[in-house]
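The values are calculated or read from the model by the stated rules, or taken from the named source; none is laboratory data. As the structure is a computational prediction, the values presented were derived from the model and not from experiment. Virtual Cβ from ideal backbone geometry, glycine too; neighbours counted across all protein chains shown.
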Amino acid sequence: MLDFTLTPEQEQIRQTARRFALRDVLPVAWRYDEKDDIPLFVLKKAFEIGLMNTDIPVQYNGKGLGMLESALMTEEIAAACPGIATSVFDNSLGLEPLVLSDNQELKDKYLPRIAGSFKLICFATSEPTMGSDVSGIRCLAKPDGDDFILNGTKFWITNGGIADYMTVFATIDPKTKHEGICAFLLEKEWDGVKIGRHIPKLGQRCSNTVGLHFDNVRVPKENVLAPPGKGFVLAMQTFGRTRSIIGALAVGAARSAMEYALEYTRKRRAFGMKIHNFQAIQFKLAEMYQKVETSRLLTWKAAHEADSGQDPTISASIAKFYASEAAAEVADDALQIFGGYGYTRFFPIEKLLRDIRLFKIYEGTSEIQRIIVSGHVLSNYQPVMPPLDELPLNRELDPDQVQALRKKGAFAWRCRICGHVHVSEAPPEVCPYCFFPQSAFNRVDL
Ligand SMILES: Cc1cc2nc3c(=O)[nH]c(=O)nc-3n(C[C@H](O)[C@H](O)[C@H](O)COP(=O)(O)OP(=O)(O)OC[C@H]3O[C@@H](n4cnc5c(N)ncnc54)[C@H](O)[C@@H]3O)c2cc1C
């Protein structure tokens, strides 16, 4: 049985996040977007009121909440500012490899610290020359006794400039591709860790994005999250769980674009009436609402799969690319409803449009999600219908005629080129439709 009713605890989490979004995030969002800066005190507040790191298991003093709760919170915060919401959730992205890691001592050491005090942890796979192809990592981890020496650069790292800890994916040899990839937990203060300048961006300017450079950084064996050969799978498992949250970010941002547009249609007049009287506008609102609702359903499904121990990879990919693209369409329609004012900085749509644009890029582009989902459809999907060549698709005979012919031992012959079905004891010399010879006919059940 399906039940989309939230528990009282989940509803409370949603309301807490909504209050935080309206009281703490919304009032600073535009100013910090203008400044191209992160309001760190807002992230600290999110931590203090329990809206950060919620997925740390209870045994490490965490809340032990699931992806569905993360989706609920993220939707609310993203509705006020997608950039701030990205930075709040980034801690879960950064610590997910630690939660999934087999290194028990590392979990015991860092997870309670992150749960108990305001500590930021970023996630770093991407590099200046590589993002989509995670097997193409160049950042080098040279074994040195039991330790590793790290050299290389990571790029586009959300919260990289303010994080205390860093989850870093590297390779022992770039030529070995997937097999060489490993992962480590680094501390910002370690010798050789260098932080690049804040990267100026089109949108999500309230989130911090930098490059990280590692210059002979010694990583003790205790800080290995995944040994060589296990890092690639760890990165993919992480994305499989966290990608649904990009869906939640998109739902929240699209919801706000829709709400602002809805209100505007009730105020703006044209041709002597409020513009919500025009069917062209009403249909836009219907489609915006449809996209928000559909995106939320897909996001919740993926989050539910992650929480119930199923493999959420495909659902999370679908949620991410559907919701990201739907949100971009919703924001574009919202801007159209605002007319010229939508194109100005006097109204919130242009910021939402800029912020939303990133959803199609980070944590795997829309193209990469299509590769994942098409790979599933082509290789793993189990069809219910019989193969096309086995379908009689008989249009010329009534069922009782078919019965009679069956009794007589007649067959159906299906042309594998054009699909024509010929009923008789033998196939025709030539197909009467496509003129292919008899050999083109396969026998099928009548
Ligand atoms: C603001 C921001 C924050 C980010 N935060 C983080 C972070 O915290 N941590 C982190 O590790 N990374 C982060 N990223 C990096 C992000 O994940 C990458 O930008 C993304 O994965 C795409 O990689 P790329 O930019 O190198 O593009 P490329 O991989 O170079 O791709 C370029 C284009 O080619 C397409 N393409 C690539 N391969 C294929 C293919 N096989 N078939 C079809 N099309 C293909 C891509 O879809 C894209 O359109 C962030 C990026 C941004 C912009």
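The set of residues in the range 204-240 that are assigned to a loop (DSSP other than H, G, I, E, B) and surrounded by fewer than 21 Cβ atoms within 10 Å (Cβ to Cβ) comprises Pro220, Pro227, Pro228, Gly229, Lys230. Looking across the range 188-216, the residues that are within 14 Å of the ligand (Cβ to nearest atom) and among the aliphatic types (A, V, I, L, M) come down to Ile195, Ile199, Leu202, Val210, Leu212.
Between Lys63, Lys44, which is assigned to a helix (DSSP H, G or I) and not aliphatic (A, V, I, L, M)? I'd like the intermediate steps shown before the answer.
Values: Lys63 fails: assigned to a helix (DSSP H, G or I).
Checking each option against the conditions leaves just Lys44.
Those residues that are assigned to a strand (DSSP E or B), surrounded by fewer than 21 Cβ atoms within 10 Å (Cβ to Cβ) and within 10 Å of the ligand (Cβ to nearest atom), I need them from the range 121-154; list them, please. Answer for the range 121-154, where residues must be assigned to a strand (DSSP E or B), surrounded by fewer than 21 Cβ atoms within 10 Å (Cβ to Cβ) and within 10 Å of the ligand (Cβ to nearest atom): just Met130. So, Arg296, is that one charged (D, E, K, R), modelled with pLDDT of 95 or more and within 19 Å of Met73 (Cα to Cα) or not? For Arg296, the condition - charged (D, E, K, R), modelled with pLDDT of 95 or more and within 19 Å of Met73 (Cα to Cα) - is met. The residues of the range 155-178 that are under 24 Å from Gln369 (Cα atoms), in contact with a Pro (Cβ under 7 Å, 6 or more places away or on another chain) and more than 8 Å from the ligand (Cβ to nearest atom) amount to a single one, Thr167.
Filtered by the rule that a residue be surrounded by fewer than 18 Cβ atoms within 10 Å (Cβ to Cβ), touching a Leu at 6+ places or on another chain (Cβ under 8 Å) and of a type outside the set (Val, Ile, Thr), the range 5-55 gives Leu6, Gln10, Arg14. When the residues of the range 67-120 are narrowed to those that are of a type in the set (Val, Ile, Thr) and within 16 Å of the ligand (Cβ to nearest atom), which ends up farthest from Lys188 (Cα to Cα)? Looking at the filtered set, the residue picked out is Thr74. So which residues in the range 339-386 are within 13 Å of the ligand (Cβ to nearest atom), under 22 Å from Ser207 (Cβ atoms) and not polar (S, T, N, Q)? If the condition is that a residue be within 13 Å of the ligand (Cβ to nearest atom), under 22 Å from Ser207 (Cβ atoms) and not polar (S, T, N, Q), then Arg354, Asp355, Ile356, Arg357, Leu358, Phe359, Lys360, Ile361, Tyr362, Glu363, Gly364, Ile368 are the ones that fit.
Residue by residue, here is whether (1) hydrophobic (A, V, I, L, M, F, W, C); (2) surrounded by 13 or more Cβ atoms within 10 Å (Cβ to Cβ); (3) modelled with pLDDT of 95 or more holds:
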site: Lys360; (1), (2), (3): no, yes, yes
site: Ile372; (1), (2), (3): yes, yes, yes
site: Asn380; (1), (2), (3): no, no, yes
site: Pro386; (1), (2), (3): no, no, no
site: Pro399; (1), (2), (3): no, no, no
site: Val402; (1), (2), (3): yes, yes, no
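Ala248 meets all of the listed conditions (1) in a helix (DSSP H, G or I); (2) under 24 Å from Val42 (Cβ atoms); (3) within 13 Å of the ligand (Cβ to nearest atom) but one, namely (3). Within the range 272-321, the set of residues being of a type in the set (Lys, Arg) and more than 23 Å from Leu65 (Cα to Cα) comprises Lys274, Lys284, Lys291. Counting only residues that are crowded, with 23+ Cβ neighbours inside 10 Å and under 21 Å from Ser317 (Cβ atoms), the range 155-166 holds 1 of them.
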